[in-house]
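Student: This is the structure I have questions about; it appears just below.
Just so it is clear, none of the values below were taken in a lab; they were calculated from the coordinates. These numbers were taken from a predicted model, which means no experiment stands behind them. Glycine also receives a Cβ, built like all others from the backbone with ideal geometry; neighbour counts cover every protein chain displayed.
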Amino acid sequence: MKAFEIAGMKVRPGTRKDVMIRISEFYTATPVFIPVTVLHGREKGPVLYVAAAVHGNEINGVEMVRQIRVQVDPRRLRGTMILVLIANPIAFLAMSRDLPDGRDLNRFFPGREGGSMASMIAEAIFTKVVRLADFGIDLHTAATGRTNLPHVRVDMKSPILRRLAAAFGCEVVFDMPGEEGMLRRAATRAGIPTMVYEAGEPLKFQRNLIRRGVEGIRNVLAELRMCEFPRTSPVFQIVVRDHRWIRSAKGGILNVQVKPGDMIEKGHTIAVNTKPFGTEVSRVKAPYTGLVVGCTTLPLAIPGSAVCHLVDLQTRHRVVRRLLERQALVFE
Ligand SMILES: [Zn+2]
């Protein structure tokens, strides 16, 4: 095996190396680096990148990557792992999802030289890291004021992503290509099939969701035959195409009565909307029988506020109900 080259540095076979890769500059005229760990195996195999904190306040993934960094032994690895511990350090420092100019880095991939700050940072990450890989996993949480049931998002048109999504081991797999400019979409289009793991809320370390994510990455490493980790698998797995956010029609203070992982019947109450005095204004009800995969964490609504992300289970509701009786889903 040859040394692995990244940003002008060399990583010898069977070793782990922490590198700082320059992606931009601060107002202080000092460089912005992203911390990256390369684990380079002794035997030939695929190159897998795992990225955390593309959105700067989504830090569950940072801890997942830190745990993977020490759990994978490069002497027993087939192929190479590139771990991006903090992909968006400018937003991470500000504890915010987006860059200081309000741009969402995850709408600018693959980026371009001479573009906006977001576009240039995206370009640097894409050319210096992502293009070196064969596959990728991008780690996210819900946005501020929301929380997500752990799930993966992939474009199921890609056979390898179908395989990796199944192997990751979440109960819920969203079949969605992603919006233009998302890392996973741009990378998949560039021949580096990339999946997203979504779990929990921003600005927290949620131990159970981190554990599920680490297990998922280990499952993918086992599926790609890069590492001999024992596999874990969920009690059930559903591929989801029909889902939407159920919104409040009225303004008011919400008493949300469901949580991620709950199954709710058509017509049942999701939230009671009240006046400041506590009297009821209206109810948000389930328009179909479904599985809750996301929820607001903010009990305040105006007309149009998203309350609950509900998967339409259609004919699968009996099976899912039976399985949920055996094992509740973990959401925090
Ligand atoms: Zn995100």
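Student: Most exposed first by the Cβ proxy, i.e. fewest other Cβ within 10 Å, how do 288, 197 rank? Working shown, then result.
Tutor: Details: 288 17, 197 27.
Arranged by neighbour count, lowest to highest, 288, 197 become 288, 197.
Student: For the pairs 17/157; 157/204; 2/157; 128/157; 17/204, flag any whose C-alpha to C-alpha distance is greater than 30 Å.
Tutor: On the way: 17/157 35 Å; 157/204 33 Å; 2/157 34 Å; 128/157 27 Å; 17/204 27 Å.
Where the Cα-Cα span goes over 30 Å, the pairs concerned are 17/157; 157/204; 2/157.
Student: Where both partners of a DSSP beta bridge lie in the chain, what percent of those bridges are antiparallel, to the nearest 5?
Tutor: Looking only at bridges with both residues in the chain, the antiparallel portion is about 70 percent.
Student: Using label points projected 7 Å from each Cα along Cα→Cβ, tell me how many nm separate residue 180 and residue 67, to one decimal.
Tutor: Roughly 3.8 nm, to one decimal.
Student: So, counting K/R as plus one and D/E as minus one, what does the shell of residues with Cβ under 11 Å around residue 91 add up to?
Tutor: -2
Student: Still on this structure, please answer the following. How charged is the neighbourhood of residue 300? Take every other residue with its Cβ under 15 Å from the Cβ of residue 300, and add Lys/Arg as +1 and Asp/Glu as -1.
Tutor: The answer is +4.
Student: Anyone know which of 171, 215, 25 comes out most mobile in the 10 Å Cα GNM of the chain?
Tutor: Of 171, 215, 25, the Gaussian network model singles out 25 as fluctuating most.
Student: Can you sort 226, 156 by how many other beta carbons sit within 10 Å, fewest first?
Tutor: By the 10 Å Cβ count, ascending, the order reads 156, 226.
Student: Cα centroid distance between the stretch 263-288 and the stretch 296-332, in Å?
Tutor: The stretch 263-288 and the stretch 296-332 have Cα centres separated by 14 Å.
Student: Moving on. Projected onto the charge dipole of the stretch 242-326 (+1 at Lys/Arg Cβ, -1 at Asp/Glu Cβ, origin at the Cα centre), which of 297, 317, 246 gives the Cα projection farthest towards the positive end?
Tutor: 317
Student: Counting only other residues whose beta carbon sits under 14 Å from that of residue 242, what net charge do I get with K and R as +1, D and E as -1? Each step should come with its number before you reach the end.
Tutor: Numbers: positive: 241, 244, 266, 316; negative: 175, 312.
Here the count lands on +2.
Student: Could you check the spin-label model distance between residue 189 and residue 269? Points 7 Å from the Cα along Cα→Cβ, value in nm.
Tutor: Spacing of the two 7 Å Cα→Cβ label points: 4.6 nm.
Student: If packing is taken as the average number of other Cβ atoms within 10 Å across a peptide's residues, how do 121-129, 106-114 rank, most packed first?
Tutor: Top to bottom by mean Cβ count within 10 Å: 121-129, 106-114.
Student: Another one. Please give the charge dipole size of the stretch 4-223, origin at the Cα centre, charges +1 on K and R Cβ atoms and -1 on D and E Cβ atoms. Round to the nearest 20 debye.
Tutor: 800
Student: Roughly what % antiparallel, to the nearest 5, for the DSSP beta bridges in the stretch 38-189?
Tutor: DSSP beta bridges in the stretch 38-189 are roughly 20 percent antiparallel.
Student: So how do 157, 285 line up by other beta-carbon neighbours within 10 Å, fewest first?
Tutor: Working: 157 10, 285 14.
The order, fewest Cβ neighbours first, is 157, 285.
Student: Relative to 2.2 N^0.38 Å, what does the C-alpha radius of gyration of the stretch 4-223 come to as a ratio? Two decimals please.
Tutor: 0.94
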